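Reading through the structure tokens given below for one structure.
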Amino acid sequence: MTHTSSRTNLDGLSALVTGGSRGLGLLLAARLAQRGCQVTVAARDEDELRRGAEWVEEKTGRSVSTAVCDVRDRNAVESMVRQAEARRGRLDVVVANAGVIQVAPVESLDDEAFEDAMATIFGGAANTAMAALPHLRMSEAGGRLCLIGSVGGLLAVPHLLPYSCA
């Protein structure tokens, strides 16, 4: 069943943000919390995730949930999405934001740097989208999927080649 909605009020919606422990993901999680969403932030590093969640709670006065997850692992992502939905009873907004940046001259990089960037940035977004879409289609609020990209994919920056490629 497909739902369409022009809803602009986010109060009470359930949101999941990958790469939510720092940077843009952390700011997006805080903004969603400010707008009334019940937010789950996900990232690989448990300590950074805890600190990020505390920062969002301090800034917004709203509690957030956390999920330790490596978006490169499809099974882990599917489990994270199911848990986020079960925790909140619904899943309405998913922001696929997880990424990595390796800063180095290209001569010092090996294949692993490129594979990690692709697996995290591209594969992580694909894993998140594919796991979330069935749940978002069931959202009575008209589920929304946001895939974060970068101008780095259009305009390469020196010493960021794996990031720009991914």
Seminar exercise, completed: Residue pairs qualifying under the 8 Å Cβ cut-off, at least six apart or on distinct chains, with the first in the stretch 100-113 being without any contact (Cβ under 8 Å) to a residue 60 or more places away in the chain and the second being surrounded by 10 or more Cβ atoms within 10 Å (Cβ to Cβ) and in a helix (DSSP H, G or I), are Ala104/Ala113; Val106/Leu161; Leu109/Leu161; Leu109/Pro162; Ala113/Pro162
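Being without any contact (Cβ under 8 Å) to a residue 60 or more places away in the chain, more than 28 Å from Asp11 (Cα to Cα) and buried (at least 16 other Cβ atoms within 10 Å of the Cβ) narrows it down to one residue among Thr120, Thr40, Thr66; which is it?
Being without any contact (Cβ under 8 Å) to a residue 60 or more places away in the chain, more than 28 Å from Asp11 (Cα to Cα) and buried (at least 16 other Cβ atoms within 10 Å of the Cβ) holds for just one of Thr120, Thr40, Thr66, which is Thr120.
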For this session: Could you please give the count of residues in the stretch 45-67 that are farther than 14 Å from Thr18 by Cβ, of a type in the set (Val, Ile, Thr) and touching a strand residue (DSSP E or B) at 6+ places or on another chain (Cβ under 8 Å)?
Result: 1
Problem set entry | Qualifying positions in the stretch 110-137 - touching a Leu at 6+ places or on another chain (Cβ under 8 Å) and of a type in the set (A, V, I, L, M) | Ala125, Ala129, Ala132, Leu133, Leu136
Exercise. Hey, any hits in the stretch 99-110 for a residue that's at pLDDT below 95, touching a Ser or Thr at 6+ places or on another chain (Cβ under 8 Å) and crowded, with 23+ Cβ neighbours inside 10 Å?
Worked result: yes
For this session: Those residues that are surrounded by 17 or more Cβ atoms within 10 Å (Cβ to Cβ), more than 20 Å from Ala42 (Cα to Cα) and in contact (Cβ under 8 Å) with a residue 60 or more places away in the chain, I need them from the stretch 140-165; list them, please.
Result: Ala141, Pro162, Tyr163
Seminar exercise, completed: Exactly one of Glu48, Glu78 is farther than 21 Å from Ala117 by Cβ, of a type in the set (Asp, Glu) and at pLDDT 95 or above, and that residue is Glu78
Exercise. With respect to the numbered conditions (1) farther than 17 Å from Met138 by Cβ; (2) out of contact with any Pro (no Cβ under 8 Å at 6 or more places or on another chain), which one is the sole condition not fulfilled by Asp92?
Worked result: (1)
Exercise. With respect to the numbered conditions (1) in contact with a strand residue (DSSP E or B) (Cβ under 7 Å, 6 or more places away or on another chain); (2) surrounded by fewer than 23 Cβ atoms within 10 Å (Cβ to Cβ); (3) touching a residue at least 60 places away in the same chain (Cβ under 8 Å), which one is the sole condition not fulfilled by Gly89?
Worked result: (1)
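The values are calculated or read from the model by the stated rules, or taken from the named source; none is laboratory data. Worth saying up front: this structure is predicted, and the values here are computed from it rather than measured. Neighbour counts are summed over all protein chains in view; Cβ atoms, including those assigned to glycine, are modelled from backbone coordinates with ideal geometry.
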